[in-house]
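J.: Please see the structure below; I have some questions.
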Amino acid sequence: MDLAEHQRKLLGLIRSTYQVRADDDPYFRNVAQSKDLEEARRNIFLWRIYVLERTAALTFALLKQRNLLGEVVGTFIARHNISPFRETQAPAFLEALSSHDDSLIASVAQFELALMKVREGDPGTYTVEWNVEPHTILHNLARDMPLEDDVPQGVYRVRVSRELPFHIQIQHCGASL
């Protein structure tokens, strides 16, 4: 086995994407069953949690409230090869969640990613579609308060740009269909 294959198998073990086979080298069978591998996985998970809580706070708070945090972060670790440097983690995480099946999670992630880009000097203008009134949602997430049950539904657009006061503009476009 060459070094590249060896490294791919170890990475697969860390991400829980590689299943050791009977014909694998005894080294891999030992690693797969070791407490050190469990500890490494847990440390990686906790590092991602630590970073995302601070750098993707709104999306983190929403996932936590919906009891999806562990599942979503675990899936993210398994599917994405990202740098251990914290500056790269939130953008990759938010990008991955921007197409989430839950439209609120997708909208919050898209908004947070757009705001992050604009604050870092991106000259673009981003538009994020929402099917609920975003001001209340964003306010509660920013304060780590529970989401309200009676948030008005409808069609909303949030524009994010350096050219706007406070970088955002919320527009109500009508009732939902």
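J.: From the set of residues in the range 63-85 that are at pLDDT below 90 and more than 13 Å from the chain's Cα centre (by Cα), which is least open to solvent (accessible area, probe 1.4 Å)?
T.: That would be Ser83.
J.: Any idea which of Thr88, Thr136, Thr127, Thr75 is over 30 Å from Leu11 (Cα atoms) and assigned to a helix (DSSP H, G or I)?
T.: On the way: Thr88 fails: over 30 Å from Leu11 (Cα atoms); Thr127 fails: assigned to a helix (DSSP H, G or I); Thr75 fails: over 30 Å from Leu11 (Cα atoms).
Result: Thr136 is the single residue among Thr88, Thr136, Thr127, Thr75 that is over 30 Å from Leu11 (Cα atoms) and assigned to a helix (DSSP H, G or I).
J.: Restricting attention to the range 139-177, which residues are over 22 Å from the mean Cα position of the chain (by Cα) and part of a loop (DSSP other than H, G, I, E, B)?
T.: Correct list: Glu148, Asp149, Asp150, Val151, Pro152, Arg162, Glu163, Leu164, Ala175, Ser176, Leu177.
J.: Taking the criterion of being closer than 30 Å to Leu164 by Cβ, part of a helix (DSSP H, G or I), among the polar types (S, T, N, Q) and within 14 Å of the chain's Cα centre (by Cα), would at least one residue in the range 43-57 satisfy it?
T.: Restricting attention to the range 43-57, the residues satisfying the condition of being closer than 30 Å to Leu164 by Cβ are 51-57.
Keeping just the survivors that are part of a helix (DSSP H, G or I) gives 51-55, 57.
Still in the list and also among the polar types (S, T, N, Q): 55.
Pick out the ones that are also within 14 Å of the chain's Cα centre (by Cα) and you get 55.
Yes, the range 43-57 contains at least one residue that is closer than 30 Å to Leu164 by Cβ, part of a helix (DSSP H, G or I), among the polar types (S, T, N, Q) and within 14 Å of the chain's Cα centre (by Cα).
J.: So which residues in the range 86-99 are open to solvent by 60 Å² or more (accessible area, probe 1.4 Å), of a type outside the set (S, T, N, Q) and at pLDDT 90 or above?
T.: Glu95
J.: Further question: With the requirement that a residue be in a helix (DSSP H, G or I) and either open to solvent by 10 Å² or more (accessible area, probe 1.4 Å) or at pLDDT below 95 (or both), what does the range 114-124 give you?
T.: As a first pass, look at the range 114-124 and keep what is in a helix (DSSP H, G or I): 114-119.
Matches in the range 114-124: Leu115, Met116, Lys117, Arg119.
J.: Could you please find all residues in the range 49-73 being touching a Phe, Trp or Tyr at 6+ places or on another chain (Cβ under 7 Å) and touching a residue at least 40 places away in the same chain (Cβ under 8 Å)?
T.: The answer is Leu52, Ala56.
J.: Within the range 1-21, does at least one residue satisfy the condition of being hydroxyl-bearing (Ser, Thr, Tyr), touching a residue at least 60 places away in the same chain (Cβ under 8 Å) and out of contact with any strand residue (DSSP E or B) (no Cβ under 7 Å at 6 or more places or on another chain)?
T.: Of the range 1-21, the ones hydroxyl-bearing (Ser, Thr, Tyr) are 16-18.
Filter again for touching a residue at least 60 places away in the same chain (Cβ under 8 Å), leaving 16-17.
With the extra rule that they be out of contact with any strand residue (DSSP E or B) (no Cβ under 7 Å at 6 or more places or on another chain), the set shrinks to 16-17.
There is at least one residue in the range 1-21 that is hydroxyl-bearing (Ser, Thr, Tyr), touching a residue at least 60 places away in the same chain (Cβ under 8 Å) and out of contact with any strand residue (DSSP E or B) (no Cβ under 7 Å at 6 or more places or on another chain).
J.: For the range 12-26, give me the residue count where each residue is over 21 Å from Asn43 (Cβ atoms) and either touching a Leu at 6+ places or on another chain (Cβ under 7 Å) or part of a helix (DSSP H, G or I) (or both).
T.: Final tally of qualifying residues: 1.
J.: Scan the range 106-113 and give yes if some residue there is in contact with a Ser or Thr (Cβ under 9 Å, 6 or more places away or on another chain) and open to solvent by 40 Å² or more (accessible area, probe 1.4 Å), otherwise no.
T.: yes
The values are calculated or read from the model by the stated rules, or taken from the named source; none is laboratory data. Being a predicted model, the structure only gives us computed values, none of them experimental. FYI the Cβ positions are ideal-geometry reconstructions off the backbone, even for glycines, and counts take in every protein chain you see. All accessible areas refer to the heavy atoms of the entire protein, side chains included, with ligands and DNA or RNA removed. Shrake-Rupley method; radii C 1.70, N 1.55, O 1.52, S 1.80 Å.
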